[in-house]
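Down below is the structure, laid out as structure tokens.
Each reported figure results from applying straightforward, stated rules to the coordinates on display, with no laboratory input. These figures come from a predicted structure and were not determined experimentally. Every residue, glycine among them, receives a Cβ derived from its backbone with ideal geometry; neighbour counts consider all protein chains shown.
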Amino acid sequence: MGIFDFLSGEFIDVIHWTDDTRDTMVWRFEREGHEIKYGAKLTVREGQAAVFVHEGQLADVFTPGLYMLETNNMPIMTTLQHWDHGFKSPFKSEIYFVNTTRFNDLKWGTKNPIICRDPEFGPVRLRAFGTYSIKVSDPAKFLVEIVGTDGEFTMDEISFQIRNILVQEFSRTLARAGIPVLDMAANTRELGQLVGKEIAAQLSEYGLSMPELYIENISLPPAVEEVMDKRSSMGVIGNLNEYMQFQAAEALGRDGAGAAALQTGLGAGLGMHIGQQAAAQQGPWGARTVNAPAAVPPPPPPVEHVWHIAENGATTGPFSKAALGRMATQGTVTRDTMVWTPGQDGWMRAEDVAELAQLFTVLPPPPPPAA
């Protein structure tokens with residue numbers, strides 16, 4: 001074995017990454033001088049991707065699998081370096097491992113209330129919160145747009161930016177949806193899908209995707225919720241007077257003294273009722289009357305008739321008796337005028353109607369003598 005073969009065997013590396021932090025998105029493989037030996041083995045596990053960066057330029061992306069880093073397996077890097085197939089020396093490159101699994105149970109929420117126009121309550125202020133998951137869908141774009149040269153990039157470094165994008169789009173979607181406040185709980189799934197669809201294009205510019213978005217709650221200000229609770233209570237109570245009577249009776253029933261007072265009050269009321277009945281059976285001087293006749297109710301008031309007048313083949317009216325009296329005084333109604341009132345059998349002369357005949361017998365007294 002020659003000295004070159006010995007050194008080649010000593011320089012072969014095994015490049016891999018295992019993550020136990022649960023929040024690391026990108027990790028750079030550290031090697032002194034960034035020298036990666038020719039023929040090194042690169043292991044990319046499921047849920048990972050390896051990005052090669054050579055002299056500041058993205059060279060290649062490796063998906064899960066086992067790779068031998070040789071020129072015949074790395075055509076892109078061969079073009080960059082102008083290597084020949086027999087080149088055996090180390091090369092300087094950076095390898096970034098990208099976690100492509102989902103980062104779950106990430107929190108989001110509105111810092112300030114969202115003002116919306118509700119069809120029932122008018123302008124309302126709403127708050128919302130929930131969870132979402134994020135995933136690196138394009139490792140190369142994510143490395144170029146977000147990570148840069150960061151040797152260890154965690155989820156916390158980008159979660160704030162994603163929350164801002166999510167809350168902004170949620171506010172716009174909620175304001176445009178026009179869903180009543182009382183129906184929002186039944187439409188949280190549809191709202192989440194709408195928001196996820198709207199921000200998909202913006203996240204793709206970062207090489208990210210959002211597989212899941214959950215809206216856990218949409219709430220009103222505490223003062224408004226308190227009023228709504230009172231309104232719901234009123235609907236449950238129904239008749240307020242009956243409810244107040246029930247509450248009073250229940251309070252008296254819980255208190256022993258109250259129950260005694262209630263019984264005393266019932267006894268006093270019963271005694272007063274018996275006394276009133278006894279007084280009704282006695283005469284004006286206190287003498288007891290036996291079999292006193294019941295009081296006769298007054299007769300109903302007389303019904304005032306209204307009259308119709310037939311003249312020259314036409315009818316006019318109805319007129320009250322007072323109006324006919326004035327017309328008789330003026331001479332427009334005479335004894336021979338034909339009149340009719342509901343319940344009367346046909347038309348009759350005014351003089352023949354007993355109720356109207358007196359209108360023609362009352363004559364004014366003679367005028368006083370001239371001075």
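For this structure, a couple of remarks:
- Using the Cβ of Ser171 as centre and a radius below 12 Å, the other residues enclosed give a net charge of +3, where K and R count +1 and D and E count -1.
- For the peptides 337-343, 183-189, the ranking by packing is 337-343, 183-189, with the highest mean count of neighbouring Cβ atoms within 10 Å listed first.
- Thr110 sits among other residues whose Cβ lies under 11 Å from its own Cβ, and their net charge, with Lys and Arg +1 and Asp and Glu -1, is +4.
- Amide H to amide H distances under 5 Å link Glu216 with Phe129, Gly130, Thr131, where only residues 5 or more positions off or on other chains count and H is placed in the peptide plane.
- Segments 142-148, 48-54 sorted - mean Cβ within 10 Å per residue, highest first: 48-54, 142-148
- Net +/- balance of residues flanking Asp336 in space, Cβ distance below 11 Å, scoring K and R +1, D and E -1: -1
- Peptides ranked, highest mean first, by Cβ atoms within 10 Å: ranges 323-331, 166-174: 166-174, 323-331
- Isotropic mean projected area of the C-alpha convex hull, the range 132-223 (nm²): 6.8 nm²
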